[in-house]
1. Mean separation of Cα pairs under 8 Å and 6+ residues apart, divided by the residue count of the chain: what relative contact order is that in percent?
2. Per q in 0.19 Å⁻¹, report the Debye log10 I(q)/I(0) for the chain, using one uniform scatterer on each alpha carbon and no solvent.
3. Out of the DSSP beta bridges found with both residues in the chain, what percent are antiparallel (nearest 5)?
4. Under 29 Å between alpha carbons, and skipping anything fewer than 8 positions from residue 37 in its own chain: which lysines qualify?
5. Give the peptides 69-81, 35-47, 12-24 in descending order of average Cβ contacts within 10 Å, highest first.
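No value in this document is a laboratory result; all are computed from the given coordinates. None of these values were measured; they are calculated from a predicted model. Virtual Cβ from ideal backbone geometry, glycine too; neighbours counted across all protein chains shown.
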Amino acid sequence: MHITSISEAKAQLFSLIERVLAGEEVLIGEAGKPVAKLVRYERSDKNRVPGALKGKIKIAADFDVLPTDLAWAFGGSVTTNTGRKISLFE
């Protein structure tokens, strides 16, 4: 396993990737402590199955409704208690 600093990794990224492609793992460290590991990407043999979580996830009925203060912050319009619709950009 090869260990390198962040500045060395930036300067020698191409050669580090070549080492990884050859099967070696590369640790990138900062102040003598490992912070990242470069490893060869392995694609999964399993194919994704659409609908695998069907029936396992519940979405709240009010999911698409923004709270009034958040809608106002994003520039949307707000209906007051008196029924008057106001907007930041009117």
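1. Once divided by the residue count of the chain, the mean separation gives 16 percent.
2. Taking Cα atoms of the chain as identical point scatterers yields -0.87.
3. Within the chain, antiparallel bridges account for around 65 percent of the total.
4. 10, 46
5. In descending order of packing, they fall as 12-24, 69-81, 35-47.
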